[in-house]
Amino acid sequence: MPEKKIRVLIAKPGLDGHDRGAKVIARALRDAGMEVIYTGLRQTPEMIASAAAQEDVDVIGLSILSGAHNTLCTRLMGLLRAKGMTDVTVLIGGIIPEADMAALKKAGVAEIFLPGTTTQAIVDFIRQRVAAAPRGA
Amino acid sequence: MRDESERKSSPTSSSEVPRKPSPGEREWEGKTLQATLAASPERASDFTTVSSYPIRRLYTEADLAGWSPERDLGSPGEPPYTRGIHPTMYRSRLWTMRQFAGFGTAQDTNRRFRYLLAQGQTGLSVAFDLPTLMGYDSDHAMSEGEVGKCGVAISSLADMETLFDRIPLGDVTTSMTINSPAAVIWAMYLAVAEKQGADWRKLSGTLQNDILKEYIAQKEYIYPPEPSMRLVTDTIEFGAKHTPKFNSISISGYHIREAGSTAIQELAFTLRDGIEYVEDCLRRGLQIDDFAPRLSFFFNAHNDFFEEIAKYRAARRIWQRVMRERFSAKNPRSWALRFHAQTAGCSLTAQQPYNNVVRTAVQALAAVLGGTQSLHTNSLDEAWALPTESAATIALRTQQILAHESGVTNTADPFGGSYFVEALTNEIERGAWDYIEKIDALGGMVAAIERGYPQREIADAAYRYQVAVDSKEKIIVGTNAYVADEKPIEILQIDESVAQHQAERLRRLRADRSNDEVERRLGALRKSAAGSENLMPYLYEAVKAYATLGEICDALRQVFGVHDEAAIT
């Protein structure tokens, strides 16, 4: 029986339009056999949370380079908790100062990938994470 | 329009003619080279630029078959401008050292501007925050978390007055990186200039105002392409009449490259954008030589030294041909492509950030050897945040060292006549023409954008590059090789007090101004937007009544609608 495909929502929260990273990751995860939904630009945390629920994803990947991560991620994590979606793995890729990382992880972000991360490292992380803690299990 | 005679005048690309090495070169290959390769093979089977463009082992006169120094190189200050647009280049005047800066409130950035001018910087360049770039006031719901983060927050003429406090606009040149709301921000700038008593005819600087590359690459668009193009043409028309020394547009390849394009794509898409703007102005009834001298360009200065130099040289050669043959421009000032360069932000590494000083120096050197008119050098900490004052100072010093210590400013186009640089210039030019012809065939750039053509070409190139980096086919020092443990560096932090400060300022502004006057001006703006008049005078009156950026952009949203792209991955 074929294994169930891992479902990933790639999202660009906030006003920033720099989507090179989001698009590269979307393609890399798709090439690695995952089901990828890309939200497109300028998504509010509300839009991302409801897209994640609707698409029934295992993973949300947020691409943020604008410095607005504390506000946007905290709000998204609150919305996911309210929807009972704490089993969805939330990842951030982009520019996040070291000083902000601990608070983001405490809020429930599973991992933060900085510039220079290989796409393979992200693929491996997602596979291990989903295998170790399958959603709704 | 392009015709047969035009195609014939194209420099012969070395790739079209079979390469015929000289007897001397053949002998070298047979004896010296073969013996060496037999003893020790080369490091790789293929050598390519950062854009994956193939580079030969050696360039000789065999790579310049059909190339004519008279026709294809010429002299500095003369067509085809391969050697630069000024006869004396940097012997008369150095390039403008223009460091892009902006963060926090208008007051914070005003302080940084005055510091940079005191350090010997010769022009200002304003970075706006994301809400400003997207036409939202600082207190709009969409602005939450973004105020003052990527640049300075400007919501009204009052903020603009603070931004340029004690900076005489008649004496400095100012570049403003703003696109969708460019006409509004420019109206604010002109209003500040008027209040300072500066003569508009003497104002000098550049408005980025390039909406096409937003749809292609950076994605900070508000309105659909058609009304956006109208706003651009309105500013070009207004500028041609009232601000003869101000560049009303900076047609930008920088962001196309940052989005992951190759050097050839950057060049081709930028110049084809330029053609699109010119055609729109001609349709409006403007005369080519009345506005073409004020078109300026903006290119990236990436890592691959020779590819970048060849790109700038090819840019000038293509544009003069476009101007003379496609648009029949008669004024040599219309033919000469003037450009600003910025070192490649996307090449900076978060790891071992001090290495970025070296990268930036090499990139800046390429821009200078390629004949740039102005230059921004990135700071070492910009893979993490906006630069601290000390990092920004090193970036400026890098330019000053190139200008005053390296000796590269002593002569025009030092690489002119180099087999390699001339051959690469020809090849990049040929590659760019191929793309330009393809986009012509698609019906122009707006049509190509609507079909997702440039977006897809760039996304493909970006992905190929990532694969090459992941597989270590391309080495990035400190990131995928020579990795070391390190401590975080000190970075600039912008806190949420900027947003609170801005919200309070806006509350006071809305209480103090005449809201009847604002409503009247916004009503007039909506009415003219629904027609076909030039909008600049209406925008000017609205900003002078202290209508906010968000209110003005909303008025236009009501008439024009908003743009939404189908995401292309």
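The values are calculated or read from the model by the stated rules, or taken from the named source; none is laboratory data. This structure is a prediction, so every number in the text was calculated from the model and none was measured. Here the Cβ positions follow ideal geometry from the backbone for every residue, glycine too, while neighbour counts run over all protein chains shown.
Of the residues that sit in the stretch B:531-547 and are over 21 Å from residue B:226 (Cα atoms) and among the aromatic types (Phe, Trp, Tyr), which one is farthest from the other protein chains (Cβ to nearest Cβ)? Here the residue is B:540. Would you be able to say whether some residue in the stretch B:126-143 is aliphatic (A, V, I, L, M) and more than 14 Å from every other protein chain (Cβ to nearest Cβ)? Within the stretch B:126-143, one or more residues are aliphatic (A, V, I, L, M) and more than 14 Å from every other protein chain (Cβ to nearest Cβ). For the stretch B:153-165, the criterion of a residue being assigned to a loop (DSSP other than H, G, I, E, B), in contact (Cβ under 8 Å) with a residue 24 or more places away in the chain, of a type outside the set (D, E, K, R) and out of contact with any helix residue (DSSP H, G or I) (no Cβ under 7 Å at 6 or more places or on another chain) is satisfied by no position. The residues of the stretch B:334-358 that are within 14 Å of chain A (Cβ to nearest Cβ) and closer than 15 Å to residue B:397 by Cα amount to a single one, B:356. Filter the stretch A:30-43 down to residues that are hydrophobic (A, V, I, L, M, F, W, C) and more than 9 Å from chain B (Cβ to nearest Cβ) and give me whichever is nearest to the chain's Cα centre (by Cα). Residue satisfying both the conditions and the ranking: A:37. For residue B:338, state whether it is closer than 18 Å to residue B:253 by Cα, assigned by TED's automatic domain parsing to the domain that holds residue B:394, touching a Leu at 6+ places or on another chain (Cβ under 7 Å) and not hydrophobic (A, V, I, L, M, F, W, C). Here the answer is no, as residue B:338 does not meet what is asked. Would a scan of the stretch B:378-392 turn up a residue that is at negative phi, without any contact (Cβ under 8 Å) to a residue 12 or more places away in the chain and out of contact with any strand residue (DSSP E or B) (no Cβ under 9 Å at 6 or more places or on another chain)? Checking the stretch B:378-392: at least one residue is at negative phi, without any contact (Cβ under 8 Å) to a residue 12 or more places away in the chain and out of contact with any strand residue (DSSP E or B) (no Cβ under 9 Å at 6 or more places or on another chain). Of the numbered criteria (1) hydrophobic (A, V, I, L, M, F, W, C); (2) within 13 Å of chain A (Cβ to nearest Cβ); (3) buried (at least 17 other Cβ atoms within 10 Å of the Cβ), the one residue B:506 fails is (2). Exactly one residue out of A:71, A:118 is surrounded by fewer than 21 Cβ atoms within 10 Å (Cβ to Cβ), within 14 Å of another protein chain (Cβ to nearest Cβ) and farther than 22 Å from residue B:353 by Cβ: that is A:71. Scanning the stretch B:167-174 finds no residues that are out of contact with any strand residue (DSSP E or B) (no Cβ under 6 Å at 6 or more places or on another chain), farther than 26 Å from residue B:528 by Cα, buried (at least 24 other Cβ atoms within 10 Å of the Cβ) and in contact (Cβ under 8 Å) with a residue 40 or more places away in the chain. Pull up the stretch B:451-465, narrow it to residues that are among the basic types (Lys, Arg) and part of a helix (DSSP H, G or I), then point me to the one that is surrounded by the most Cβ atoms within 10 Å (Cβ to Cβ). Within the stretch B:451-465, the match that is surrounded by the most Cβ atoms within 10 Å (Cβ to Cβ) is B:464. In the set B:424, B:442, B:402, B:375, only one residue is surrounded by fewer than 21 Cβ atoms within 10 Å (Cβ to Cβ), among the aliphatic types (A, V, I, L, M) and either within 23 Å of residue B:216 (Cβ to Cβ) or more than 14 Å from every other protein chain (Cβ to nearest Cβ) (or both); that residue is B:442.
For residue B:524, state whether it is away from every other protein chain (no Cβ under 14 Å), over 16 Å from residue B:238 (Cβ atoms), aliphatic (A, V, I, L, M) and part of a helix (DSSP H, G or I). Considered against the rule, which asks whether it is away from every other protein chain (no Cβ under 14 Å), over 16 Å from residue B:238 (Cβ atoms), aliphatic (A, V, I, L, M) and part of a helix (DSSP H, G or I), residue B:524 comes out as yes. In the stretch B:449-460, the count of residues that are more than 9 Å from every other protein chain (Cβ to nearest Cβ), among the aliphatic types (A, V, I, L, M) and closer than 19 Å to residue A:19 by Cα is one or more. Residues that are within 26 Å of residue B:454 (Cβ to Cβ) and either surrounded by fewer than 24 Cβ atoms within 10 Å (Cβ to Cβ) or not assigned by TED's automatic domain parsing to the domain that holds residue B:456 (or both) within the stretch B:193-214 comprise just one, B:214. Could you say which residue among A:100, A:87, A:16 is among the acidic types (Asp, Glu), out of contact with any Pro (no Cβ under 7 Å at 6 or more places or on another chain) and in a helix (DSSP H, G or I)? That would be A:100, the only listed residue that is among the acidic types (Asp, Glu), out of contact with any Pro (no Cβ under 7 Å at 6 or more places or on another chain) and in a helix (DSSP H, G or I).
When B:90, B:115 are screened for being in contact (Cβ under 8 Å) with a residue 60 or more places away in the chain, surrounded by 15 or more Cβ atoms within 10 Å (Cβ to Cβ) and in a helix (DSSP H, G or I), only B:90 passes. Taken residue by residue, the stretch B:19-33 has no member that is under 30 Å from residue B:260 (Cα atoms), in a loop (DSSP other than H, G, I, E, B) and outside the structural domain of residue B:303 (by TED's automatic domain parsing).
Close contacts from the stretch A:13-29, counting a first residue that is more than 7 Å from chain B (Cβ to nearest Cβ) and a second that is aromatic (Phe, Trp, Tyr), with Cβ to Cβ under 7 Å and a gap of 6+ residues or different chains, come to A:22/A:38. Within this structure, residue B:499 passes the test of being in a helix (DSSP H, G or I), within 13 Å of another protein chain (Cβ to nearest Cβ) and touching a Ser or Thr at 6+ places or on another chain (Cβ under 7 Å). Only a single criterion out of (1) outside any helix (DSSP H, G or I); (2) within 14 Å of chain A (Cβ to nearest Cβ) is not satisfied by residue B:550, namely (1).
The conditions of being on the phi < 0 side of the Ramachandran plot and either part of a helix (DSSP H, G or I) or at pLDDT 95 or above (or both) are not met by residue B:486. Pairs are defined by a Cβ separation below 6 Å, a sequence spacing of at least 6 or placement on different chains, a first member in the stretch B:51-69 that is in a helix (DSSP H, G or I), and a second member that is of a type outside the set (A, V, I, L, M); the pairs so defined are B:62/B:19; B:62/B:20; B:62/B:21; B:63/B:14; B:63/B:419; B:64/B:422. Remark: residue B:204 matches the filter, which requires a residue to be polar (S, T, N, Q), in contact (Cβ under 8 Å) with a residue 40 or more places away in the chain and more than 14 Å from every other protein chain (Cβ to nearest Cβ).
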